[in-house]
Each structure stands twice: as C-alpha cells, then as structure tokens.
Amino acid sequence: MENFDFVSPTEFVFGRGAEEQVGQKLAERGARRVLVHFGGESARESGLIDRVCASLDAAGIEHLELGGVRPNPEIGLIRQAVALCKEAGVDWVLAVGGGSVIDSAKAVANGACIDGDVWELFETKRSNPDVLPIAVVLTIPAAGSEASKNAVVSNDELGRKTGYGSDAQRPRLAFMNPELTFTLPPFQTAAGLTDMFAHLLERFFDDYGAVPVTDNLNLSLMRTIRAEAPRVLVEPDDYDARANIMWAGMLCHQGLAGLGRHEDWATHALEHELSALDPSITHGAGLAVMFPAWMEYVCEQNPARFAHYGREVFGLAPTGDARADALSAIDETRAFFASLGMPTTLAELGVGEDDIPRMLPTLRANKGEAFGSMRRLTLEDAAAIYRLAL
Ligand code: NZQ
Ligand code: ZN
C-alpha cells in the first residue's frame, strides 16, 4: 500500500430536514456574513433558497445571494462573486446545488482571500492555503464535491476546463437531505450515477497491485450503485434508494475509495475536453461514452484486473480466458451506462472526428505530453481513444 496523507474535515448533516439546520450550524462556527451561491432555477423554484435564507435569518446571520451558476461553471461569474465577497466582507460561502455550484463556491472562496485573479490558481495549480470556509446544501448526488478537495472550472474565452485541488477548500459542512433530489430530471439522476461510478473506476484501475481494504470498499460501492440505480430511476421519490445513492456519491469521491493506490484519472481528463469544447455536454454523459472506450484501449495492460472487476461487480463467471473476461466486463459497463439512458457514442453528444484535433492542444495544456496511470497515454493515444468512442 502506498503512503498517503488523508484529510477529511467535513461534518455531514444527513437526512430529512437537514437544510433546516444551516443557520444554527453556521452560527455555531462563527459565521456572520454568508454568500448564498446557487445555480439556474431549480433551488429557487423548489423554495429551497427561501428556506435556507430563513434558517440564516433565524440564526441572525447576514447573507447575500448570487445565483446563475451554470453546469460546467464559468470563471466570469466567479470573478463577479469574488468582487462581491471582498466588497461585502463575506466570511463563509454557502453553496446550494450540485458539483457546478460547489466548485464555483470553492473558486470564489479562494479568490476572496487572494489579491490576484483566481483563474491563476487553476492555471498554475499553485497551492493557496487561505480560503473562506465553505458549506454545502447538496441537491444532486454526482460530483462528490460536497467533501472532495477538487474544483473544476471552465474559462470560455480560453476554451479551457481544468481542475484545482487543495485540502484547504474541502467543505466544512455538508447538509444532505435525500428528499431534495426527488425533483431531479431522469437525465441528471443518470448522469450523476455515471459520474460517481466513474470516480470508483478511476481509482480501481491504475498501475498498482491489490490494496484489499481500499479495493473491497470500492467494489462494494460499485455494487451498491448498480443495485440502487434502477430504483431511483423507476421511483424518483423512493427515499431510501435516494439516500443510499446520495451517501454513495460522497463516498465515491471524498478519497477513501482510492487510498494507498496511484489512481488513473485519464478518462476524466478526456471528458473535461468534451465539456470544454461544448459546455452543454454534461460531465456524466461524456464519461459514459469515454470510459468504455478507454477501458478497451488499456485493458491489455492488466486483463486480470478487469476480469476481477467483472466478477465482483457484474457477477460474471470466469471462463479461464482473462482477456475474454475483461472484454465481457467492459461490455457490461457500457450496457450499465446505456441502461441508465446515457449515450454510448460521441456522435450522440454532437462530437465528430473533426473535433478531435481541436481538443488536443487544450488537453496538452491541462495534462502535458503524457497522463494516466494504468497506461501512460500520449496525445496520439488520446486521439485514438476519442476515435474508438465516435
Ligand atoms: O442550475 P439548476 O437550475 O439548479 O439545475 C441543475 C443543473 O442544470 C440541476 N439540478 C441540480 N439539483 C437539482 C436539479 N434539478 C432539479 N432538482 C434538483 N434537486 O442539475 C443540473 C446539473 O447540475 P450540476 O451541478 O452541473 O451537476 P453535477 O453535480 O453533476 O456537477 C457537475 C460539475 O462537477 C464537476 C464536473 O466537471 C461538472 O462541472 N466535477 C467536480 C468534481 C469535484 N469538484 O470534485 C469532480 C467531478 O469529477 C466533476 O469533474
Ligand atoms: Zn467526475
């Protein structure tokens, strides 16, 4: 097992009515003036923003509101929010939404504490220890940003989408009420399921040997997602199924499921270029297309690992031929994503062969000449994987 240094500072308030405790919990931690940051319309329409603000009012906490975060959050609104926080002396940022809102809030919380432009952190990956504390009311289980160290932000002017990771920006408080996810459109539920499953795949398939304590936790989460996914899609207001999925989404990406391993993350890098190329491409949908293609491309590196995954997650009986078993496991993965209603080809995302060369320069800017762990991929490999996914 590789050495690791794992920080997880998040307090989780989980279950029905969790968001009613926002004011009290933030007051206990000394919050005085909070930026309430949210997305398009869903949290406003459901009355959630009003409930959260009422909870802050009841606790005597001042607050400002700034909505409008789009999926694949953009640096322009983040810069506006940073200016607002500095002007108003905001001391906590409260994200009400999903990965996009939380990542925007993380960028804002960094930007509010530094002199220069916050994009510079995403560009240089320079570590910034000074970050406003962040709280989250989660409305979609998917990205796992409610406890993760990462934020992923787009810069439309530069055609870039890139991440910044730091333990200092892990949320301090996460309010997780599964009932808030009942209103999710089926496509967003499915994209979220795909994303959390992908966070496990990125950690399971690398160039390292077995780490049973980590691997078995990971496989158990994969089995759970597979079992619960049809339940939340068939019955969107099944509280227990939604609760299991919401908690799984956090466990998939807070870090535990990869400890002691190298982890891969090539497929996320390939997907982020799709969402940079066209910000209307949903992260989970891009992953559903790219993951099986990446698996096919790299599985020769360690067919036994794929066969093990196929046995443990899909119950595939071994045939004695590890390569054949690996390919069956990849087929099952593609079929699982398709069963959720996710796309299986780049064509379905509106991406064609001509787009591939357009993504490579920004991929190089984000990842350098080689990336990934199970197999080090060059830009030529990346192009080949995109072609496999067409
Ligand atoms: O904007 P509104 O109107 O709120 O609608 C949102 C949005 O359109 C809607 N939605 C959210 N909760 C809802 C709801 N609709 C109805 N009822 C609810 N309860 O869902 C749509 C998608 O929201 P978004 O926040 O974009 O989803 P997600 O959580 O999947 O976040 C995706 C972003 O996270 C990044 C992705 O790249 C992408 O930008 N990631 C962040 C990571 C991290 N910080 O650790 C890791 C991930 O790998 C990922 O890269
Ligand atoms: Zn992801």
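The values are calculated or read from the model by the stated rules, or taken from the named source; none is laboratory data. These numbers were taken from a predicted model, which means no experiment stands behind them. A quick note on method: Cβ atoms are made from the backbone with ideal geometry, for glycine too, and the neighbour counts reach across all protein chains shown. Keep in mind that these areas ignore ligands, DNA and RNA; they rest on the heavy atoms of the full protein, side chains included. Shrake-Rupley method; radii C 1.70, N 1.55, O 1.52, S 1.80 Å.
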| Cut-off under 5 Å, modelled amide H: who pairs with Leu64 long-range | Val34, Leu35, Val36
| query | What ranking do 262-273, 79-90 get when scored by the average of other Cβ atoms within 10 Å per residue, highest first? | reply | 262-273, 79-90
| query | So, by mean Cβ neighbours within 10 angstrom, what's the order for 14-24, 127-137 with the highest one leading? | reply | 127-137, 14-24
| note | Candidate cut points under GluC sites (Glu not before Pro) in region 152-203, DSSP loop plus at most 14 other Cβ atoms within 10 Å of their own Cβ, are Glu157
| message | Please report the spacing between the Cα centers of region 272-293 and region 143-181 in Å, no decimals. | response | 17 Å
| DSSP beta bridges in region 96-240 [antiparallel fraction, %, rounded to 5] | 50 percent
| In terms of solvent-accessible area of protein heavy atoms at a 1.4 angstrom probe, what is the ranking of Arg32, Arg261, highest value first? | Arg32, Arg261
| request: Kindly write out, for region 191-198 in residue order, the coupling ³J(HN,Hα) from the Karplus curve 6.51 cos²θ - 1.76 cosθ + 1.60 (θ = phi - 60°), rounded to whole Hz, with x marking Gly and Pro. | output: 5, x, 4, 5, 4, 5, 4, 5
| field | Residue-normalised accessible area of the chain, expressed per residue, 1.4 Å probe, Å² | value | 38 Å²
| Peptide ranges 70-78, 103-111, 169-177, 49-57 listed from the most packed, as the mean C-beta count within 10 angstrom indicates | 103-111, 169-177, 70-78, 49-57
| query | How high is the relative contact order of the chain, in percent, counting Cα pairs under 8 Å that sit 6 or more residues apart? | reply | 15 percent
| Förster-model FRET efficiency, 41 Å R0, Arg311 and Glu62, C-beta, rounded to 0.05 | 0.15
| field | Ratio Rg/Rh, restricted to the chain and using Cα atoms, in which Rh is the Kirkwood radius | value | 0.96
| message | How would region 314-390 be classified by its alpha-carbon gyration tensor: rounded, prolate or oblate, with rounded meaning a/c under 1.5 and the a/b versus b/c comparison settling the rest? | response | oblate
| How high is the relative contact order of region 172-314, in percent, with contacts defined as C-alpha pairs under 8 Å that are six or more residues apart? | 34 percent
| message | Taking 0.36 nm per residue of sequence separation and subtracting the Cα-Cα distance, how much length would be gained by fully extending the chain between Gln24 and Thr378, in nm to one decimal? | response | 122.4 nm
| Distance in nm between label sites at Asn3 and His262, each 7 Å beyond Cα in the beta-carbon direction? | 1.8 nm
